[in-house]
Amino acid sequence: MNKRPFRFNQPRVAYLHDVLMAGLSFVIALYLRLGDSIYLLPDWYVLKHTALFMALAAALFWPMGLYRGVWRYASVDDLMSITRAVTALVLVFLPAVFLMSRLEEFPRSVVIINWFVLLILLGGPRFLYRLFKDGRVDLALQRRGRNLVPVVLVGAGDEADLFIRAMARNPDASYHVVGVIDDKGGRIGRRIHRVPVLGGLGDVEQVVDDLALRGERPQRLILTRPQLSGDVVRQLLEDAEQMGMSLVRMPDPTDFRAGDRSPAETKPIDIEDLLGRPQAVLDRPAMKAMIAGRRVMVTGAGGTIGAELCRQIASFEPSHLSLVDFSEFNLYSIDMELGEHFPALARSCNLADVRDREKLARLMEREQPMLVFHAAALKHVPMVEANANEGVRTNVGGTRNVADACKAAGVEAMILISTDKAVNPTNIMGATKRLAESYCQSLDIAGRHQGSTTRFLTVRFGNVLGSTGSVVPLFERQLKNGGPLTVTDPNVERYFMTVREAVELVLQASTHGLSENGEHAGEIFVLDMGTPVRILDLAEQMIRLAGLRPGKDIEIRFTGLRPGEKMYEELFHGSEPTKDSGRDGILIATPRTADHAVLSRAVDELVQAAHDGRTDDTLRKIESLVPEYTRPATTRPDPGTRREA
């Protein structure tokens, strides 16, 4: 077997450098102590002690891990490693000299002087090398005459430090940082790598004007803070637009790879940034404890919420994940994605309709899930308004079928995904989801009295950004076509949440509900949606994100509220007193109780009327079961609805 020849790589070169510096440091320390008297010493005396010092350095430096760091990124940690190594060396050298010569004619203070000299000789070159590589020594010479984009960073923290250093050491960088805005206000007047912190969030316009007077007018604002509130980002977007600048986000830190000369690209601000709010504190250990090692089923697994549920559940390592959906393509898509990202996950794909009671019962018996997340539903208000019977069969009948199958199979818990449109509903979709809530609530309460081990939890939240059929994809499509953007009413408001945050809080609420062990049966867990957003504001902000001007480049057209559509959404009914859950981002609505046996018979009649296509009967029964719902005069019959005599 051929041995690999010795190669001079960077750690070995650094090792050789340090051993030589050790020898040089001893001679310098001896000269500093003795002055010209050093020339009176015998040559063998200096050579003998220098050789000993170098030999000890060679023996100690490598085992002490002095060469794990990279000179280009020399830091305080490297300085501490050097200090430990130098200290160990002089502490070993002194007794070695004693054993060799009993310290005769050896000045003891040389050891102390040598400690300081060697520290400088080892640390100095490292930090000078880093300064050179970072480009701070000859930065002005490198960049003189180059056409760089002047930018101002928003955020005076570690991220700004990373961005400035990355731009300094990369000769192919595109940006020249001319100033920093401090989002917290505590570092105004200070500098980050020679770049001044010029003001706070309220001083953006003044900062830009002052830089323009110095001939350094910025062309971009770059957000460096990963968590800025939506209000702050919206204001920065407006400020940037008024000053003819663009607002972008800093690249991911992983884009700043060592040795990568390609410039890291900034990212555009997206709608999630504009609507963002502080992230709720999540109890991930509790979420993992709920999922890990359990068999879990998700209905509507291919939809927006269902698919994200599958992703997050898979990350918590269930023993088996059952995917249920009626759409072949959606089921195929999420199954392929899980196979790519979680190849070890045991899972099954089940093409099934929640309306099929018998098939659901067989499926539940076969899959034996311990937790069931019920996300399957018809959710588009105008579509369900025009197809009321189908909405009832899926949202009410389907939920009843899943709940009953869970109880029969002894499932530990079923979690119903509901909507704010179930509160004081003005449309069929909201009314059917309210009935789904009521059925699960009554079943949970009845189960507590009957000794059932199956829990039924309901989690209610508002609109999900980017979900199928929501307003954001509609606006994106209209923008792509050159407008106009259609808004139903200038005052209409909606709650919004990202799909990731919604599902995280669904899992968080589920852990809380299950930890109560049925202490408060029938409660609804409501996700804190923050403040509602005007759809008109959302449309204007999306136009600005595209670099266009609302009302000038892109028209906004008002179309009027659609049948069943509300001006404002609500999260709680007046008869649902709320209480704090003790968990960040989650509130609890106390149940409006209903007798399960009576409600079950009424649901049977309602679903049968919908199945038979008797739309008038369907609507009358919804009105009787959901007293706060009033059928709008514009409700249209289902296509093909039978006329009754």
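At-a-glance table
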item	result
Computed lengthening from Asp210 to Asn481, 0.36 nm per intervening residue step minus Cα-Cα distance	93.6 nm
R0 of 22 Å, Cβ-Cβ distance Ala346-Arg366: FRET efficiency to nearest 0.05	0.95
Gain in span if fully extended, Thr559 to Asp203, counting 0.36 nm per residue against the direct Cα distance	124.3 nm
Most to least packed among 485-492, 33-40, 53-60 [average Cβ atoms within 10 Å]	53-60, 485-492, 33-40
Efficiency of FRET between Ser229 and Asp158 - r from beta-carbon atoms, R0 22 angstrom, step 0.05	0.70
Distance (nanometres) between label positions extended 7 Å along Cα→Cβ at Leu474 and Phe127	6.1
Members of Lys184/Lys421; Lys379/Lys407; Lys421/Lys552 lying beyond 29 Å, as alpha-carbon distances in this model show	Lys184/Lys421; Lys421/Lys552
Relative packing of 361-371, 204-214, which averages over residues the other C-beta atoms within 10 Å, highest first	361-371, 204-214
Where labels lie 7 Å past Cα in the beta-carbon direction, separation of Met64 and Thr531 in nm	5.8
Label-point separation in nm, Trp44 to His449, each point 7 Å along Cα→Cβ	10.7
Pairwise FRET efficiency - Val598 versus Asp489, Cβ, R0 = 30 Å, nearest 0.05	0.15
Footprinting exposure proxy for Glu340, Glu328 (fewest neighbouring C-beta atoms within 10 Å first)	Glu340, Glu328
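Since every read-out is calculated from the coordinates, none of them should be taken as a lab result. All figures in this text were calculated on a predicted structure; none of them were measured in a lab. Neighbour counts run over all protein chains shown; Cβ positions are idealised from the backbone, glycine included.
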